[in-house]
Amino acid sequence: MTDTLSVRDNRTGRDYELAITDGTIRAADLKQIAVDDDGGLATYDPGFVNTASCRSSVTFIDGDKGVLEYRGYPIEQLAEHSTFLEVSYLLLNGELPTADELAAWTHQVTHHTFLHENIKQFIQGFRYDAHPMGMLMASVSALSTFYPDASDISDSANRQLQITRLIAKMPTLGAFAYRNGLGKPYVYPDNGLSYVENFLAMLFKMSEPRYESDPRIVKALDVLLILHADHEQNCSTNAVRSVGSSQVDPYSAVAAGIGALYGPLHGGANEAVLKMLRRIGSVENIPGFIEGVKAGKEKLMGFGHRVYKNFDPRATIIKKACDDVFEVTGVNPLLAIAKELEKIALEDEYFVKRKLYPNVDFYSGLIYEALEFPPEMFTVLFAIGRTPGWLAQWSELVQDKEQKIARPKQIYTGTRTRDFVPMDQR
Ligand code: ACO
């Protein structure tokens, strides 16, 4: 079998042979298929539904089979046996750490959790009702001004330092943003606590000398962070890569990722799910709601995925984490609505035909709410979890010799060359 694609251009009658590599053809190879001097053939792919933008060895997904692997390790095994910091190391370095490597990595992250005091003041400058994702995006972007050395992205030790800083400081930024909204004093990091324990303490500690968190809650939150740690070329990772391709510093690139994640079709979906469940209010209202979805009035948030067309393996793990959390917090009354909604949707022809299944966000919001996070904080938790993935992908990008500045083509649909019309003649 020859790995080529034979193409006949019926406009000209000419035949072409295009190389197939790794199941793809090079879009640039299509340029030779030209009529006169029209610049050659291009592909039109809004939303990149069938375009590979990079080679990557970070995360593997088989959407039909519901497989998700970080560096080859199945997500189920990592969620069961690993920790978020260990998974971060894996994503960033390609291999699981030895005990010494993990200890060194944990030490480095733990000792970069503090923020410059001016960042604190910067966060205080937001209004009381500012959305924490907006605050997170702005303050991560502001970090680039505190670390101007970060612009030297060609130096690997320097890249590693910025990566450590970002992973370490994200929970501090998220917690400060949260407490700003409540008017509560900020809690500084405690280097004696684990990554998740420290985050919970910065969120919820008041006057007690040390915040004690329930180990089951710590484990559940750690699992949630692992599940969100990477998801190959999703909208926010593509934003990080696209902005990073200009060779800007990683804070600016990650801020772009946070902006993309904020949207309700991406990370903002978990917040939207919770608001939707509250609006539905009770199980009796579900049939009417489903009819509205099928009539195209709105979407069933937390359902559907660009890649998973069978089930989202993260949703399966989260469902189990729900049980563990509710054992501590008591069952969230919205769970009954969510379960009934899922049952009806999975049997309904509209959803079955379109292969719409619960995604990671359908149940994560219920856990976050049980942990007493306001819905606005849900996507912040997602962002903290996704940071190692963004940075692993960014590292790969800046070292990839095949990468270029991201610059898609367009199909121009506007008017061509015309003369300027003076104001009094318009
Ligand atoms: N509710 C109702 N109908 C839906 C839903 C939904 N949640 N999702 C897709 N559909 C329908 C579409 O209307 C479309 O129907 P049509 O063929 O009759 O026009 C069909 O299913 C295909 O949907 P697309 O929008 O083309 O699928 P796409 O891959 O572009 O979108 C997405 C995927 C954005 C996730 C979509 O399913 C959606 O909006 N879901 C709700 C938001 C959500 O939960 N997002 C979280 C994703 S996971 C994450 O980011 C971590």
Note to self: When you scan segment 253-272, do you find a residue that is within 16 Å of the ligand (Cβ to nearest atom), touching a Pro at 6+ places or on another chain (Cβ under 9 Å), under 26 Å from Tyr73 (Cβ atoms) and open to solvent by less than 30 Å² (accessible area, probe 1.4 Å), even just one?
What the structure shows: yes
Next item on the list: Restricting attention to segment 33-84, report how many residues are assigned to a helix (DSSP H, G or I), without any contact (Cβ under 8 Å) to a residue 60 or more places away in the chain and surrounded by 12 or more Cβ atoms within 10 Å (Cβ to Cβ).
Entry: 1
Note to self: Being open to solvent by less than 20 Å² (accessible area, probe 1.4 Å) and part of a helix (DSSP H, G or I) is true for just one of Ala157, Ala104, Ala177, Ala138. Which residue is that?
What the structure shows: Ala177
Next item on the list: Look through Phe420, Phe382 and report the one residue that is modelled with pLDDT of 90 or more, out of contact with any Pro (no Cβ under 9 Å at 6 or more places or on another chain) and either among the small types (Gly, Ala, Ser) or not in a helix (DSSP H, G or I) (or both).
Entry: Phe420
Notebook entry, point to check: With respect to the numbered conditions (1) within 13 Å of the ligand (Cβ to nearest atom); (2) outside any helix (DSSP H, G or I), which one is the sole condition not fulfilled by Phe362?
Noted result: (2)
Margin query: Exactly one of these conditions fails for Val293: (1) among the β-branched types (Val, Ile, Thr); (2) within 12 Å of the ligand (Cβ to nearest atom); (3) touching a residue at least 60 places away in the same chain (Cβ under 8 Å); (4) not in a loop (DSSP other than H, G, I, E, B). Give me its number.
Written below: (3)
Check: In segment 1-27, how many residues are free of Cβ contacts under 8 Å to residues at least 12 places away in the same chain and open to solvent by less than 70 Å² (accessible area, probe 1.4 Å)?
Finding: 1
Next item on the list: Name the one entry in Ile411, Ile318 that is in contact (Cβ under 8 Å) with a residue 60 or more places away in the chain, out of contact with any strand residue (DSSP E or B) (no Cβ under 7 Å at 6 or more places or on another chain), surrounded by 24 or more Cβ atoms within 10 Å (Cβ to Cβ) and not in a strand (DSSP E or B).
Entry: Ile318
Check: Within segment 215-244, which residues are open to solvent by less than 20 Å² (accessible area, probe 1.4 Å) and outside any helix (DSSP H, G or I)?
Finding: Ala229, Asp230, His231
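The values are calculated or read from the model by the stated rules, or taken from the named source; none is laboratory data. Here the structure is a predicted model, which is why all the values come from computation and not from measurement. Cβ atoms come from the backbone with ideal geometry, glycine included; neighbour counts cover every protein chain shown. For accessibility, only protein heavy atoms count, side chains too; no ligands or nucleic acids. Shrake-Rupley method; radii C 1.70, N 1.55, O 1.52, S 1.80 Å.
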